[in-house]
1. Report the local net charge at Val30: Lys and Arg +1, Asp and Glu -1, summed over other residues whose C-beta lies under 13 Å from its C-beta.
2. Between Ala33 and Ile84, how many nm apart are label points set 7 Å from Cα along the C-beta direction?
3. Which ³J(HN,Hα) values, rounded to whole Hz and listed in residue order, are derived for segment 79-87 from phi using the Karplus coefficients 6.51, -1.76 and 1.60 in 6.51 cos²θ - 1.76 cosθ + 1.60 with θ = phi - 60°, glycine and proline given as x?
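All of the numbers you see were taken from the coordinates with simple rules; none came from a lab. Everything numeric in this text was worked out from a predicted model, so none of it was measured. Reconstructed Cβ throughout: ideal geometry from the backbone, glycine too, with neighbour counts over all protein chains shown.
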Amino acid sequence: MTAPWRPDPGLAGERTRLAWARTAIAFAAVGAALLKKELEIGLATLAVAPLVFAAGRMAARASTPEQRARRLLAVAVTVTVVAILALIAALLIPGPDSLDQLLPRHG
């Protein structure tokens, strides 16, 4: 008979949850900034922020190794989909010709 699986009692789980929360906040901040230049992409980025947060929370709630493996797979798929969407957005949105177009002129 094998011993029941218990999550690591250390702080690694807490650090991971905080990292997912920071990532979701970063998505929200980037989405808010994008609203000024590209409304559709900004809204899409804002919509992804809660998904990123939920994916991190979902992985942390696993109670067995099998559940954890399935949830980590779901997180990996979510991250991959977000990365593919970001790549598509980067390829489809015309970028500036130079850095000067991005920076406001003062004076």
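1. In short, +2.
2. Reported label-point gap for Ala33 and Ile84 is 2.7 nm.
3. 4, 5, 4, 4, 5, 5, 4, 5, 5
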